[in-house]
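The values are calculated or read from the model by the stated rules, or taken from the named source; none is laboratory data. Keep in mind that what you see is a predicted model, and the values were worked out from it rather than measured. Because the Cβ atoms are built from the backbone with ideal geometry, glycine has one as well, and the counts that use them run over all protein chains shown.
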Amino acid sequence: MPRTPSIEPHKDPRRVKPWRVDIPASVSRNGKRQRSFFETKHNALNYCEEQRTRLKNFGVTGLEIIKPAQLEQAANAIQLLEPYRVTLNEVVNDWIARRQAAEASVAFEDAMDTFLEYGRRSSGYTRSIRQTRNRLRSLHGKRLNMITPADLTLAMDAMPDSVRNFTIRILGGLFNFGIKRSYCVENPCKKLDLALREAAEIELYSPAEVAEILATAAKHNPELVPFLAVSFFCGIRRAEALRLDWSAIDLHENFVKLPAAITKTRQGRHIEISENCKAWLAPHTKETGRVTPCTPDVLRKRERELREIRDKERELKGEDATRTIKHGARHCFASYWLALHGDINQLCRFLGHDDPETTFKHYAKATTKREAQKFWAIMPKAKRLKNVVAFEQEGTAA
């Protein structure tokens with residue numbers, strides 16, 4: 001039969017509280033060695049007596065609380081945990097915390113709905129959250145705190161690398177949102193690796209292509225001309241251009257003032273208006289009102305209609321179909337502006353970027369100064385004045 005450990009006070013005159021009592025791990029409440037300090041020997045002795053009484057009573061009442069089968073389970077659990085240097089109490093507390101977290105959690109699709117409705121979302125980001133929710137139907141019904149990195153990997157298994165990377169970014173935001181609301185305790189996306197994609201060069205529309213895009217819009221849908229002008233010649237993001245008001249455009253001082261409320265970064269910025277941009281905007285300018293008076297869906301439909309018109313015209317000429325370049329207008333602005341002016345810091349201010357090095361890496365040497373001069377010379381065709389008749393000049397008499 002194991003000997004009951006001795007619980008006695010010890011004096012250490014170097015300490016402010018010189019009387020020390022050590023409780024061995026084998027008999028402490030938490031399974032770890034405990035050390036307590038007291039100012040007087042009397043207090044230390046009283047504490048020792050309390051601990052002896054506790055141990056004595058446990059021998060009497062412990063068997064009333066814990067059944068023999070439970071004692072056997074506890075002993076077995078302690079033995080299994082010994083290599084990991086954790087106590088039974090720690091494991092139990094961890095299990096209780098996880099159970100409480102599970103009860104506070106919500107299903108994946110409900111978390112996505114709450115995430116979607118929170119805060120002010122751009123139309124593009126809102127659409128991306130909905131698409132991610134619908135793509136990951138295999139996760140529907142699972143509580144957010146029970147979703148593992150393996151679950152996410154399996155759910156995204158068939159996705160192309162670009163879609164998978166984008167989905168991980170959306171999910172990262174979802175789980176961080178869930179942690180703040182106690183839906184989960186960790187973000188499993190942190191244990192996923194983004195797919196490495198091959199480096200791609202910036203694609204640009206040639207000056208001839210840009211001129212063709214603007215000319216087709218001017219002829220078949222003039223309402224789109226201001227949107228195209230601020231996109232190509234000011235580098236304004238698509239979502240920003242859709243929210244831009246005519247009151248922010250000053251054609252007398254030649255600048256666009258983007259309010260912080262409509263920008264992606266929530267920081268206002270000013271962009272110079274070039275002479276050719278001014279020429280495209282001038283016939284359409286208004287005091288107030290949206291520069292692009294349509295919804296994102298209607299805008300996409302009208303752009304598609306203009307592409308179909310250009311494709312038909314090209315087919316008649318025996319030319320290839322038109323290209324569609326993602327963020328092409330903004331890439332054109334940045335590349336052609338840098339090629340002509342060479343001021344990377346000013347370009348960053350126009351684009352709303354914080355890192356000149358990254359901007360330079362993307363747009364430096366993407367085109368030539370000669371092509372840039374052509375781009376910034378794209379002007380609308382002069383309209384003929386109505387009710388004007390040209391007369392031949394009579395020759396003078398000999």
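Check Leu174 against each of (1) surrounded by 20 or more Cβ atoms within 10 Å (Cβ to Cβ); (2) under 22 Å from the mean Cα position of the chain (by Cα); (3) outside any helix (DSSP H, G or I) and name the one condition it does not meet.
Of the numbered conditions (1) surrounded by 20 or more Cβ atoms within 10 Å (Cβ to Cβ); (2) under 22 Å from the mean Cα position of the chain (by Cα); (3) outside any helix (DSSP H, G or I), the odd one out for Leu174 is (3).
Inspect region 301-317 for any residue being touching a strand residue (DSSP E or B) at 6+ places or on another chain (Cβ under 9 Å) and surrounded by fewer than 19 Cβ atoms within 10 Å (Cβ to Cβ) and give the result as yes or no.
No, the conditions are met nowhere in region 301-317.
Being touching a strand residue (DSSP E or B) at 6+ places or on another chain (Cβ under 8 Å), farther than 15 Å from Glu203 by Cα and not β-branched (Val, Ile, Thr), is that true of even one residue in region 331-342?
no
Which of the residues belonging to region 231-249 are within 22 Å of the chain's Cα centre (by Cα) and either on the phi > 0 side of the Ramachandran plot or of a type in the set (S, T, N, Q) (or both)?
Across region 231-249, the qualifying residue is only Gly235.
I'd like the residue in region 190-207 that is in contact (Cβ under 8 Å) with a residue 40 or more places away in the chain and part of a helix (DSSP H, G or I) and, out of all such residues, is nearest to the chain's Cα centre (by Cα).
The selected residue is Lys191.
Name every residue in region 31-45 that is surrounded by 13 or more Cβ atoms within 10 Å (Cβ to Cβ) and on the phi < 0 side of the Ramachandran plot, in order of residue number.
Hits for region 31-45 are Gln34, Ser36, Phe37, Phe38, Asn43, Ala44, Leu45.
It is to be established whether one or more residues within region 131-138 are of a type in the set (Val, Ile, Thr) and without any contact (Cβ under 8 Å) to a residue 12 or more places away in the chain.
no
Would you list the strands (runs of 3 or more DSSP E) that sit entirely within region 1-83 and hold 3 or more residues that are modelled with pLDDT of 85 or more and closer than 29 Å to Asn93 by Cα?
Per the criteria, 19-23, 34-38.
Assess whether Leu139 counts as being surrounded by 14 or more Cβ atoms within 10 Å (Cβ to Cβ), at pLDDT 80 or above and more than 30 Å from Leu242 (Cβ to Cβ).
yes
Only one of Ala229, Ala215, Ala239 is hydrophobic (A, V, I, L, M, F, W, C), surrounded by fewer than 18 Cβ atoms within 10 Å (Cβ to Cβ) and more than 30 Å from Gly172 (Cα to Cα); which?
After ruling out the rest, the residue left standing is Ala215.
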